[in-house]
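Note sheet for the following structure.
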Amino acid sequence: MEPALLSAISAIHAAPARAVIAVTGGASQAVGWLVAVPGASQTVLEAVLPYSQRAFDQYVDATWHAQAQVQQAQLIVQARGEDGRAEGSAEEGWGAGGEEGKGGVDGSQKQQARQYVSRAAAQQLAFASYSRALTLAPIAQPVVGIGCTCALVSSAPKRGAHRCHIAARSQGMLWEYSLHLSKVTLSPPLITS
C-alpha cells in the first residue's frame with residue numbers, strides 16, 4: 001500500500017466516528033484498503049456493496065419504505081440531543097420537502113438516483129448508511145454514513161463519462177465530492193505463451 005494511502009486510512013481510524021459504508025462500482029476496492037489497515041474495527045460498523053441495480057434499490061428503498069426504521073433512528077438522534085435534520089445548505093441537499101420535512105430524500109432525488117452513478121445516488125447511499133449507523137452504534141458514539149458510486153474504466157465500453165460521486169452524512173452535515181476522469185479504454189491483456 002502506498003505510504004500516503006496508509007497515512008490517510010490511519011487518520012480515519014484515529015477519528016472518533018464509527019461508519020457504515022455503502023459503495024458500488026469501482027469504489028469497492030476502497031473497503032478492502034480500509035479494513036486492511038489496523039484499527040478498522042474502531043471505524044467500520046458495516047460495509048455493504050450493493051453492486052447490482054436491484055441491490056442498490058433494496059438498500060436505499062429500505063430507508064424510504066421502512067418508516068419504522070427511520071423513526072427508530074430519529075428517536076436515537078433525539079436521545080443524543082440532536083435534531084436529526086441537516087443544517088444550512090445540507091438541508092436543501094436532502095430535500096426539505098421530503099417525508100414530513102424530516103430530512104428525507106424527496107421523490108425527484110429518488111428518480112435521479114436510478115441513474116445509479118450520480119450525486120443523488122451517493123447522497124441516498126450516505127443517508128441510508130447514516131440511518132443504519134444510528135441503529136448499530138452505541139448511543140454516545142458519533143456516526144457517519146458514507147455512500148460512493150462510480151463508473152470507471154472497465155472491459156465493457158461505458159456510455160457516460162468516467163466519474164465517481166461520494167457523499168458522507170453525519171449529525172447535521174452532508175459532504176459531497178464528485179470526480180470526473182478522462183475517458184480511456186482498456187487494451188485487451190497481452191497473452192504470451
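The values are calculated or read from the model by the stated rules, or taken from the named source; none is laboratory data. Bear in mind the structure is a predicted one, so any value in this text is a computation, not a measurement. Here the Cβ positions follow ideal geometry from the backbone for every residue, glycine too, while neighbour counts run over all protein chains shown. With ligands, DNA and RNA removed, areas are computed over all heavy atoms of the protein, side chains included. Shrake-Rupley method; radii C 1.70, N 1.55, O 1.52, S 1.80 Å.
Key figures for this structure:
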quantity	calculated
Members of the range 1-37 found to be free of Cβ contacts under 8 Å to residues at least 40 places away in the same chain, in contact with a strand residue (DSSP E or B) (Cβ under 7 Å, 6 or more places away or on another chain) and farther than 14 Å from CYS150 by Cβ, listed by number	LEU34, VAL35
Residue under evaluation ILE139, criteria (1) among the β-branched types (Val, Ile, Thr); (2) at pLDDT below 90; (3) open to solvent by less than 50 Å² (accessible area, probe 1.4 Å), criterion not met	(3)
Residue tally, condition assigned to a loop (DSSP other than H, G, I, E, B) and farther than 15 Å from LEU125 by Cα, over the range 3-48	7
Meets criteria (in contact with a Cys (Cβ under 9 Å, 6 or more places away or on another chain) and not basic (Lys, Arg)) for GLY26	yes
